[in-house]
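Every number here is computed from the coordinates shown, using simple stated rules; none is lab data. Worth saying up front: this structure is predicted, and the values here are computed from it rather than measured. So basically every Cβ, Gly included, is an ideal-geometry build from the backbone, and we count neighbours across all protein chains shown.
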Amino acid sequence: MRILAVDPGSKRIGLAISDPTGTIANPLAVLLHVARQVDAAAVAEQAANQSARLIVVGQSFDDDGNPSFEGRRSMRFADALRTQTSIPVVFWDESFTTQAARAARLQMGARRKSRSGHLDDLAATALLQSYLDANPQS
């Protein structure tokens, strides 16, 4: 089962897709933020094009375990996404995905100059891999 992960941000939206077995996450795309409904439609289209059967949306939490400002934004995005597709949408904790993306870029041997810039698709990949590891497909 293919799963699409979404790392929603205020400027860009990172997307990652699993392999058909639901075991390995791969970067897919970075979409520029336009407006919530437009972004949701674009993500729904990507999910349909990739034959995804589940969409995982990253959500961040504060120190007390409540959705942070960005986490609440993710909730509103997921609500908009649910109006655009019949594919199930679930949340997954995106804590430390950006740090994992930075570490992955370092492990890939990226030079300092090429390490600057967005990490949205890699953060979505880290988010998805975390979800896949915790929820193995059978």
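Volume per residue for segment 29-86 equals 90 cubic angstrom (convex hull of Cα atoms). Shown in residue order for segment 44-54 are the 3J(HN,Hα) couplings computed by the Karplus curve 6.51 cos²θ - 1.76 cosθ + 1.60 at θ = phi - 60°: 4, 5, 4, 4, 5, 4, 8, 6, 5, 10, 7 Hz (x for Gly and Pro). Quick check: net charge around residue 11, other residues with Cβ under 14 Å of its Cβ, Lys/Arg +1 and Asp/Glu -1? Around residue 11, the surrounding residues sum to -2. Approximating the spin labels as points 7 Å out from Cα along Cα→Cβ, the residue 83-to-residue 68 distance works out to 2.7 nm.
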